[in-house]
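For reference, the structure discussed in these notes is given below.
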Amino acid sequence: METDADDRIAAGVAALSERAEERAGDEFTRTAWLSLADPRPESGLNPFAADERGWVGEGLRWLAVSAAAYRVAGRDARASRRGAEGIAVARDLRTALDAPAQRACLDEFAADFRVVAGMDGVEDAYREAEDAYREAGSAVDDPHRVATSPLFRAAAAPIKQVARGPANGEIAVEWEDLHGPDPSSPGEFLARRVSYKRRRFPSLLARTVDAGRLAAPRGTTEYDNDTFRCPDCDATDVNWFAGHVLCLRCSAPVERR
């Protein structure tokens, strides 16, 4: 079922493909507000109620992406406001999501918002989230299930999207980068997410801002597709996302041959 939030995602991706990052930031902000108000329209989920899967994370994801888009567009003040909003929402949701690992993930989000908004205190915020994951480890029975839940997938999405540009559209942040090697130690397994972001997210965002272009999220891809060609960079590698057919390399709309 397509929702109003889906429509706004599609509009934001279209803006990125047209190198209109400020408009993309506006559309992703609207996506975030819609998603936060109604995380799963088909189920009537209350965003202020406990939810073991953490569907409300999608709203936080798009709020973070909106701030990144504003940074690329040179709208730093608006990015800062989105960061402040995101931190406030993440803190508020800690009273709703009651699992310790979920609360640690909200701390992770709060640190991400400091990065995308260009705020101070990034290092301390990530270290606070690392400590929260380590403390939450004893309450986690299945770290793989936790790490693949909607909340945790949403928290991984902004850095993955930002990293695509410097990596020529490829997957630059892998599962192994974000998670430790030993799931039998859940706290360390999950804390790896934060230590990796602490080291890499600020520099990845800086490179993206310097390049002046935020890549679209990666969806379904195909290499050497004979049907399409990118008019901007002549690539034939394709990325399908939110109803758009984009160049895998530069996120421009592709043309049929």
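The values are calculated or read from the model by the stated rules, or taken from the named source; none is laboratory data. The structure displayed is predicted, hence computed values, not measured ones. Cβ placement follows ideal geometry from the backbone for every residue including glycine, while neighbour counts extend to all protein chains displayed. Note: areas computed on protein heavy atoms with side chains; ligands, DNA, RNA excluded. Shrake-Rupley method; radii C 1.70, N 1.55, O 1.52, S 1.80 Å.
Per-residue counts of other Cβ atoms within 10 Å, averaged by peptide: what ranking do you get for 213-224, 71-82, highest first?
Descending packing order for the listed peptides: 71-82, 213-224.
Test of understanding: in a Gaussian network model of the chain with alpha carbons linked when under 10 Å, which of 166, 143, 231 would top the mean-square fluctuation ranking?
Among 166, 143, 231, the largest GNM mean-square fluctuation belongs to 231.
Roughly how many Å is it from the Cα centre of the range 195-257 to that of the range 13-34, as a whole number?
15
Using only Cα atoms, tell me the angle between helix 76-93 and the longest principal axis of the chain; keep it within 0 to 90° and round to the nearest 10.
The helix 76-93 is inclined about 40 degrees to the chain.
So if I place +1 on the C-beta of Lys and Arg and -1 on the C-beta of Asp and Glu, and nothing else carries charge, what would the dipole magnitude of the chain be about its Cα centre? I want it in debye, nearest 20.
About 580 debye.
Quick one: helix 4-17 against the long Cα principal axis of the chain, what's the angle to the nearest 10°, folded into 0 to 90?
Its long axis makes an angle of about 50 degrees.
Heavy-atom accessible area per residue, the range 61-161, 1.4 Å probe: how many Å²?
Using a 1.4 Å probe on heavy atoms only, each residue of the range 61-161 averages 38 Å².
So what's the projected area for the chain, the Cα convex hull averaged over all directions, in nm²?
12.8
Rounded to two decimals, what ratio of Rg to Rh does the range 146-244 give with C-alpha atoms and a Kirkwood Rh?
That ratio is 1.04, to two decimals.
Can you tell me the orientation of helix 122-136 relative to the chain, as the angle in degrees between its alpha-carbon axis and the longest Cα principal axis, to the nearest 10?
The angle comes out at about 50 degrees.
Quick check: at a probe of 1.4 Å, how many percent of the accessible area of the range 5-218 sits on carbon and sulfur atoms?
Carbon and sulfur: 46 percent of the exposed surface of the range 5-218.
Which residue fluctuates the most in the chain, going by a Gaussian network model with Cα springs under 10 Å, if the choices are 56, 245, 115?
It is 245.
Just 149, 66, 184 to compare: in a GNM of the chain, with alpha carbon springs under 10 Å, which one fluctuates most?
184
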